[in-house]
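**Student:** Next up is a structure, given as structure tokens.
The values are calculated or read from the model by the stated rules, or taken from the named source; none is laboratory data. If you're wondering where the values come from, they're calculated on a predicted model, not measured in any experiment. Neighbour counts run over all protein chains shown; Cβ positions are idealised from the backbone, glycine included. Quick note on the areas: whole protein, heavy atoms, side chains included, nothing else; ligands and nucleic acids left out. Shrake-Rupley method; radii C 1.70, N 1.55, O 1.52, S 1.80 Å.
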Amino acid sequence: MTAKRLSYYRYAFKAMGSPCDIQLYADSPSRAKQIADAAITDVYRLEALYSRYRSDSFLAAINRVAATGGRITVDDETAGLLNYAATCYEQSDGLFDITSGILRRAWRFDRGKLPDQAQIQTLLDKVGWHKLCWAPPVLVFSSPGMEIDFGGIVKEYAVDRAAALCGAAGIRHGVINLGGDIKVIGPRADGSPWRVGIRDPRNKEAVMRTILLREGALASSGDYERCISVDGVRYGHVLNPKTGWPVRYLAAVSVVGDFCVVAGSASTIAMLKESSGPDWLESLGLPHLWVNVQGETGGSLSGRNHQP
């Protein structure tokens, strides 16, 4: 019995504020579409649950409780995200903090001016994972006016979920790409690796490096997605939860790992660690690339067309 011939299919869509696509090899158009639709539906499900832009999301319900200093019981999936957030907080010495999203109220990158320090300080008083009481499945906000944000976790988690759904449906060759956060499901059908570009943080049209992947995930963090320049200084959206100000040492970090959620949190923590970020990345042992604001690069992926 001969194996069915596999053909390439690509499905583009928009989710979580980003252009996304699913590429896969399948034995028929109908089978490819069925699998891709299931994965895309799950991405939309997670967006509906955890979007900070929707008043009907579960995250919004959590933050309504947070505003009053109350308590809420969460489901298993949300508990898993909170457990991961707690781990990231501990492993980053408090730098990766899902309560720090409230600082966006001061940093309005569409205004082109720096916030007032007094406003930042007022918001900092409402930041700190250690101020919450998390005893699964109950989350208690003892200090009114706080909020949480899964922005540094949920898109990467959605990538891993979509890849797992495709794999469970029999896909052995494919790529999930949600706004540049990527999970590879095996090589291309001919066995060759997927070519994944890492963008230049100072030129959105340019690819800084091309990574060759047969499996695993790639995620990136940088100061280029939302930023302002004041007096020649760039201020990006990655905010230090202890100072309330943007990080200023690394311009971008990309990390390769088995799971996108791990690669994503690692890249963000490295940004938050400022000048100690490169050494911290080295200690992780994961393939990575960093570029600082002076344009210097380093990491095990700093060679061109590198294959981890």
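**Student:** Greater than 18 Å separation of Cα atoms is the criterion. Which listed pairs, Lys126/Lys242; Lys113/Lys242; Lys4/Lys183, meet it?
**Tutor:** Where the Cα-Cα span goes over 18 Å, the pairs concerned are Lys113/Lys242; Lys4/Lys183.
**Student:** Continuing with the same structure: Computing the accessible area with a 1.4 Å probe over protein heavy atoms, can you report the carbon and sulfur percentage for the stretch 109-202?
**Tutor:** Carbon and sulfur together cover 52 percent of it.
**Student:** Please report the net charge: other residues with Cβ closer than 9 Å to the Cβ of Tyr235, K and R +1, D and E -1.
**Tutor:** Here the charged neighbours net out to +1.
**Student:** Computed FRET efficiency, Cβ-Cβ of Lys242 and Ala189, R0 41 Å: what is it to the nearest 0.05?
**Tutor:** The value I calculate is 0.30.
**Student:** Could you tell me which residue out of Gly17, Ile176, Gln34 lies farthest along the dipole of the chain toward its positive end? Charges go on the beta carbon: Lys and Arg +1, Asp and Glu -1, centred on the Cα centre.
**Tutor:** Of the candidates, Gln34 comes out farthest on the positive side.
**Student:** For the chain, what relative contact order do you get, as a whole percent, if you take Cα pairs closer than 8 Å and at least 6 residues apart?
**Tutor:** Relative contact order here is 16 percent.
**Student:** Within 12 Å, Cβ to Cβ, of Asp160, how many net charges do the neighbouring residues add up to if Lys/Arg are +1 and Asp/Glu are -1?
**Tutor:** Here the count lands on -1.
**Student:** Label-point separation (nm) for Lys131 and Arg54, each offset 7 Å from Cα along Cα-to-Cβ?
**Tutor:** Using points 7 Å along Cα→Cβ, the separation is 2.8 nm.
**Student:** Just to be sure I follow the definition: excluding the sites themselves, where is the longest run in the chain that has none of the trypsin sites (Lys or Arg not before Pro) in a DSSP loop with at most 12 other Cβ atoms within 10 Å?
**Tutor:** Formally, the longest exposed-site-free interval is 114-303.
**Student:** A further question on this structure: So what is the accessible area of the stretch 186-302 per residue, in Å², with the probe set to 1.4 Å?
**Tutor:** 43
**Student:** Mind listing which GluC sites (Glu not before Pro) in the stretch 199-283 are in a DSSP loop and have 11 or fewer other Cβ atoms within 10 Å?
**Tutor:** none
**Student:** Now a separate question. Taking only Cα atoms and a 10 Å spring cutoff, compute GNM fluctuations for the chain and point out the largest among Asp21, Asp56, Asp160.
**Tutor:** The residue that fluctuates most here is Asp56.
**Student:** Please give the charge dipole size of the chain, origin at the Cα centre, charges +1 on K and R Cβ atoms and -1 on D and E Cβ atoms. Round to the nearest 20 debye.
**Tutor:** The calculated dipole for the chain is roughly 780 debye.
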